[in-house]
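To start, the structure itself, in structure tokens.
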Amino acid sequence: MKVALLGDTHGNEAWIHYALEVFADAGLDTIIQVGDLGVWPGTEASRKWNRIQTTLEEHGQTMYVAPGNHEDYDQVSRLKRRDDGWLLFRDRILLAPRGHRTEMGGRTLVWTGGAASVDRAYRHYRQTITGMRTWWPQEEISDADVQATTSGGHADIMVTHDAPNGVPSIAARIAGNPGFTLSDLLYADEVRARLTEAFKAVQPALLLHGHYHFSVDEQVAFDGFSTRVFGLAGDEDPMSLGVLDLESLTPTFLPPPTAL
Ligand SMILES: [Mn+2]
């Protein structure tokens, strides 16, 4: 079984419709999305997601999401929880609560969304000017989320928004982060440490994540296990689209279209 992989979409409707089209052309009807989907307050956002739901319906596709940090978590907390544990955002857009366990193509998966916004202070400042909220404290991965994730033990695949510590390309990127407040950087460190704790307990063979907006594909050795870390870029970047062969557990980026 092959499934589609989709990086941060940030509610970018044109991009999402494009991605769904690409996946449909590739015969992919199951989509794993790694967060910053773009759950947003207001009727405009709601109508947008209704249109995306219609497109998913037309293609016979379903999108499974590990929510990110830029989501309206008040709205997420009000979603109906299906019997199988998925949170029903739209009929064909399902959000995973943290620590959610599923199976796909004979593989076990655990889903742990959430991440810290390193620009939290800026978002507070913007809110005082625009009156528009863009930050929700529930983005933070809590100790209870770690517990929910680790209680089920090992999984073949872990789907997250943030990535654990110890991935060289991501560590280099974080070290180069300019312009954020010390308190927000420390907050992000804390949240990432909690995710790392959960990750080390799960010891997945494959980790799928977003959040950093650049592509990552590294086989990383941790203490006693090794994981292929596969990070998807953000909307409008071709490295934001991928496909995962569940049988061989091999993720690949979908090649960008070549000029005629
Ligand atoms: Mn993002």
**Asked** How many residues are surrounded by 20 or more Cβ atoms within 10 Å (Cβ to Cβ), in a loop (DSSP other than H, G, I, E, B) and more than 16 Å from the ligand (Cβ to nearest atom) if we restrict to the range 1-27?
**Response** 0
**Complete:** For THR54, the lone unmet condition from (1) assigned to a helix (DSSP H, G or I); (2) surrounded by fewer than 13 Cβ atoms within 10 Å (Cβ to Cβ); (3) touching a strand residue (DSSP E or B) at 6+ places or on another chain (Cβ under 9 Å) is (3)
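Considering ALA175, ALA233, ALA171, which residue is at pLDDT 90 or above and surrounded by fewer than 16 Cβ atoms within 10 Å (Cβ to Cβ)?
Working: ALA175 fails: at pLDDT 90 or above; ALA233 fails: surrounded by fewer than 16 Cβ atoms within 10 Å (Cβ to Cβ).
ALA171 is the lone residue from the list that is at pLDDT 90 or above and surrounded by fewer than 16 Cβ atoms within 10 Å (Cβ to Cβ).
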**Asked** Taking ALA116 and the conditions (1) out of contact with any Ser or Thr (no Cβ under 9 Å at 6 or more places or on another chain); (2) surrounded by fewer than 21 Cβ atoms within 10 Å (Cβ to Cβ); (3) in a loop (DSSP other than H, G, I, E, B), which numbered condition does it fall short on, given that it satisfies the others?
**Response** (2)
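Here is a yes/no grid of residues against (1) at pLDDT 95 or above; (2) of a type outside the set (S, T, N, Q); (3) touching an Asp or Glu at 6+ places or on another chain (Cβ under 9 Å):
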residue: GLY106; (1), (2), (3): yes, yes, yes
residue: ALA115; (1), (2), (3): yes, yes, yes
residue: ASP119; (1), (2), (3): no, yes, yes
residue: ARG123; (1), (2), (3): no, yes, no
residue: MET132; (1), (2), (3): no, yes, no
residue: TRP135; (1), (2), (3): no, yes, yes
residue: GLU139; (1), (2), (3): yes, yes, yes
**Asked** Can you tell me which residues in the range 188-211 are within 16 Å of the ligand (Cβ to nearest atom) and either among the charged types (D, E, K, R) or without any contact (Cβ under 8 Å) to a residue 60 or more places away in the chain (or both)?
**Response** ARG192
**Asked** What tally of residues in the range 64-100 results from selecting those that are part of a strand (DSSP E or B), over 19 Å from PRO164 (Cα atoms) and away from the ligand (no atom under 16 Å from the Cβ)?
**Response** 9
**Message:** TRP40 - would you say it is of a type outside the set (S, T, N, Q), farther than 24 Å from LEU109 by Cα and free of Cβ contacts under 8 Å to residues at least 40 places away in the same chain?
**Reply:** yes
**Message:** Going through ALA45, ALA26, ALA14 one at a time, which residue ends up being of a type outside the set (D, E, K, R) and without any contact (Cβ under 8 Å) to a residue 24 or more places away in the chain?
**Reply:** ALA14
**Message:** Given (1) over 15 Å from the mean Cα position of the chain (by Cα); (2) touching a residue at least 60 places away in the same chain (Cβ under 8 Å), identify the lone condition not met by ARG90.
**Reply:** (2)
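The rows are residues; the columns are (1) over 17 Å from LEU208 (Cα atoms); (2) among the acidic types (Asp, Glu).
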{"residue": "SER77", "(1), (2)": "yes, no"}
{"residue": "ASP84", "(1), (2)": "yes, yes"}
{"residue": "GLU103", "(1), (2)": "no, yes"}
{"residue": "LEU109", "(1), (2)": "no, no"}
{"residue": "ALA115", "(1), (2)": "no, no"}
{"residue": "VAL118", "(1), (2)": "yes, no"}
{"residue": "GLY131", "(1), (2)": "yes, no"}
**Request:** May I ask you to say which residue of GLU197, GLU139 is surrounded by 14 or more Cβ atoms within 10 Å (Cβ to Cβ) and either over 16 Å from TYR212 (Cα atoms) or touching a Cys at 6+ places or on another chain (Cβ under 7 Å) (or both)?
**Result:** GLU197
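The values are calculated or read from the model by the stated rules, or taken from the named source; none is laboratory data. In this text the structure is predicted, and so the values were computed from the model without any measurement. In this analysis, Cβ positions are derived from the backbone assuming ideal geometry, glycine residues included, and neighbour counts consider all displayed protein chains.
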